[in-house]
Amino acid sequence: MLGEVAKLQEPASKGLERENWPGLLPMFSLLDTPRIDAQLIDAKNDVEAVAAWLREYQDSPQTLKSYRREAERLLLWLSSHNQSLCDMNREMLRQYEAFLEDPQPAEQWVGVSKPRHHSQWRPFRGGLSPASRRQSLIILQGLYSWLVEAGWVDRNPFVLMRDKARRLSNQAPTIERYLERDLWGWFWQWLNAPAKIASERDAYEHARRRFIVSFAYLLAPRISEMASAQMGDFQETEGRWWWVVVGKGSKLARIPAPDDMLECLIEWRQALELKGLPSYHESTPLIRALDKRRGISDNQLYRLIKGVFSEAADALEAQNGKPAYVGALRRATPHWLRHTAITHQAQSGVSLRYLAESARHSKLDTTSRYLHTEDNEWHHEQQRHRLKTDPKTPADPL
C-alpha cells in the first residue's frame, strides 16, 4: 500500500511498506507537499512522516513494535475516512477512542492472528481494554508531539482532552502489574514441582522454562535483552559475577549476579551439556532453541513465557486457588516478571539507589513507583478511623 516508504531499509519502515499492507482499506491520499513551511524531516506524505518518527526507536525493538502497531492503526483508520494526520481534531479523536473499544465493521478490522502479509490479516484481535486504549493514546500523543516539533502538523489534538493529565500520564502512581509475594511463591513452587518427563525433549523444555523465569526474576531483564543475551555476558571480576547488558537506549550496564542466579545458570548449562560457568567472551546464545544451539527470537520467547503463565493459571484454577490470582496469571505478560523482580527487591529492602541501578531507570521517580511502603502505612493508619460504637436507638437529641 505504501510504496513511497519501500525505499526505507531501516527496521522502522517494516510493516509500513506497500507489499505488507493487505488491500482491505481505501488507499491513502499521499500528498506531495509538506503540511507547513517549517518542515524538519524529509517526508512527502503521512506514512513517511510516521516512518521518520519510528526510526527514532529502532534501537528499542519492543518499543518500536508497539509504536508501529498503534501508528499503523491510526493511519488505516484515517485512510478509511479519507483524512490525514493534520485533519485530526478533538471530535475525530473522540470517534477514534470509541473505535479502539469496538472496531467496526468487524469483518474489516478484526480477525485471528495472521502473518502481516496474509490476505486475512487484520489490525485488531478484538476491541481494546481500557488499559490498552489508554496506552494507545499515550503512544499517539507522543507521535503528534514529535510531528508538531518536526513541522509536519501544526497542532496536537490530544492537548484538548480535559482529563489528559490523568489519562495520558505514562506512569501510574504505583506498579500494579506484578505477582504478589504469595502468588509468586506458589508459581515458583509449581514451576519446580516434579514433572512428567516422557522424553529428553520434555526434560530440556522443563529446564529451559525454569531458567528463563529465574533469569527474569533475579535480574529483571527486558524481553529483548533476554532474547539477545549471550553466555559471555556473565563475567567475573575480582571474584564477583556480573551480568553485562546493553539495554534500552543502547546503554551499557553491569548488574550483580546473585548466588541463586549462578546456581540456575550452572543447572541450565548442564541441560545444554556445558560445564560450569561461562568462560570469558563465550559468544553463544544464553537462551536456546530445541536444538540447543540456536537462539530464539523476542516473539518466540514472549509466547513461551505466556504459555507458562497460561499453564500455571489452569493449574491454580484446578486447585481452587484465589480467583484474583488465577486472573492475574491469565493477564500476565513477560514484562510482569520484570515488574515482579523490581517490586520484590524493593520489598526485600534493597535501597532505592541500587534498585534504580539494577532496573536501569534514568529517573528515580520511575523506580519509586515500585515502593509500596507508603500504601501499607496509609492503609494501617486508616484503620484508626472506625465506627467504635453502634449508634444508639433512638438517637440522643442534640
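The values are calculated or read from the model by the stated rules, or taken from the named source; none is laboratory data. This structure is a prediction, so every number in the text was calculated from the model and none was measured. Heads up, the Cβs are rebuilt from the backbone with ideal geometry, glycines too, and the neighbour counts pull from every protein chain shown.
Values for this structure:
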| quantity | calculated |
| --- | --- |
| Candidates 79, 60, 84 - the one that is under 20 Å from residue 299 (Cα atoms), among the small types (Gly, Ala, Ser) and assigned by TED's automatic domain parsing to the domain that holds residue 150 | 60 |
| Residue count for the range 69-83, restricted to those that are aromatic (Phe, Trp, Tyr) and modelled with pLDDT under 95 | 0 |
| Members of the range 187-202 found to be over 29 Å from the mean Cα position of the chain (by Cα), in a helix (DSSP H, G or I) and within 20 Å of residue 306 (Cα to Cα), listed by number | 201 |
| Residues satisfying the stated conditions in the range 237-269, i.e. assigned to a strand (DSSP E or B), touching a residue at least 40 places away in the same chain (Cβ under 8 Å) and touching a Phe, Trp or Tyr at 6+ places or on another chain (Cβ under 8 Å) | 255, 256 |
| Within the range 135-163, considering residues that are of a type outside the set (Asp, Glu) and in a loop (DSSP other than H, G, I, E, B), the one nearest to residue 43 (Cα to Cα) | 152 |
